[in-house]
Amino acid sequence: MLKGKTALVTGSTSGIGLGIALRLAAQGANVMLNGFGDHAGPKAQVEALGVKCGYSGADMSKPAEIEALVKATEAEFGSLDILVNNAGIQHVANVEDFPPEKWDAIIAINLTSAFHTTRHALPGMKARNWGRVINVASTHGLVASAQKSAYVASKHGILGFTKALALETATTGVTANAICPGWVLTPLVQKQIDDRAAREGISVEAAKRDLLGEKQPSLQFTTPEQLGDLAVFMCSPAADNLRGAAINVDGGWAAQ
Ligand code: NAD
């Protein structure tokens with residue numbers, strides 16, 4: 001379905017971003033990976049699906065590197081058709097203890113980077129009259145949790161950005177939508193589970209159970225593959241008129 005299209009997925013060396021990249025590749029899209037840490041393994045996984053795969057270590061907190069990433073994607077593959085703004089970080093602390101530099105980094109990576117990728121990718125999408133901007137927000141784009149002020153602000157912000165962008169592109173073949181995952185067992189969440197187990201003197205398994213029990217009624221983690229399949233749907237003709245939506249995949253979290 002996506003043969004001939006190119007997807008840039010920010011923060012795709014692990015977790016949800018990699019899950020989305022693999023599902024888009026399975027539909028035939030070429031993929032530009034981005035993120036820190038090992039990239040040879042993820043690149044080999046994408047290439048095994050028979051598509052072309054590039055990699056850039058551009059830092060999503062640096063506007064000049066973001067612009068270079070978009071330009072490099074267009075130069076290497078000829079177009080950038082599917083932009084998945086996924087890179088994200090977390091820090092947990094009460095407001096009065098929240099390090100200001102962590103606040104700035106979270107807003108820059110989780111929110112502002114999507115503005116920069118989008119503003120550079122949009123002219124090409126509009127010229128071809130087809131494009132998909134998929135923002136990976138969170139249930140924390142819809143509801144809050146204590147000690148996550150910067151993260152919650154960034155995720156509420158990206159839902160606002162998604163809606164404004166959807167209005168600006170409403171009469172074109174470019175759509176903008178958001179995915180709002182609940183708990184997904186990735187390194188970002190594993191750290192919160194490990195911290196909780198250490199803090200409360202309980203096992204990692206018990207910490208996992210408590211984490212789910214507190215927020216996610218299904219008591220099941222959402223998987224990166226499920227989110228990848230939702231991204232594929234957002235790229236399908238069935239979603240041509242899906243605009244400015246924020247779809248929860250959160251086991252019922254936001255329904256409470
Ligand atoms: P993860 O830690 O597994 O992956 C994060 C990715 O972002 C990695 O590839 C990392 O290298 C990259 N990254 C981090 N800082 C970067 C930077 N400055 N520049 C470029 N890349 C950078 O985390 P994840 O859980 O897969 O999270 C992915 C997205 O999903 C984030 O936006 C996160 O907020 C969101 N999310 C996660 C969950 C969850 O439960 N895991 C729930 C809701 C939303």
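Summary of values
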item	result
Potential extension, R119-V95 segment - 0.36 nm per residue separation minus Cα distance	5.5 nm
Mean Cβ count within 10 Å, highest first, over the residues of peptides 92-103, 142-153, 13-24, 178-189	13-24, 178-189, 142-153, 92-103
Net +/- balance of residues flanking G182 in space, Cβ distance below 9 Å, scoring K and R +1, D and E -1	0
Helical mean residue ellipticity (222 nm; -39500 (n - 2.57) per DSSP H run of 4+; nearest 500) of the chain	-14500 deg cm²/dmol
P(r) weight above 16 Å for segment 180-256, C-alpha pairs, percent	57
Between helix 15-26 and the chain: long-axis angle, C-alpha atoms, 0 to 90°, nearest 10	30
Interchain or long-range residues, amide H under 5 Å from D250's placed H	G182
Electrostatic dipole magnitude of segment 65-133 [Cβ: Lys, Arg +1; Asp, Glu -1; Cα centre; debye, to 20]	460
Calculated from backbone phi, Karplus (6.51, -1.76, 1.60) coupling profile of segment 239-248 in Hz, x at Gly/Pro	9, 4, 10, 7, 9, x, 8, 10, 9, 7
Spin-label pair F233/L188, simplified geometry with 7 Å Cα→Cβ offset, distance in nm	2.0
Summed side-chain charge close to H140 - residues other than H140 whose Cβ falls under 15 Å, Lys, Arg +1, Asp, Glu -1	+1
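A short reminder: the numbers here are calculations on the coordinates, not readings from a lab. Note that the structure is predicted; figures quoted are calculated from it, not measured. In this analysis, Cβ positions are derived from the backbone assuming ideal geometry, glycine residues included, and neighbour counts consider all displayed protein chains.
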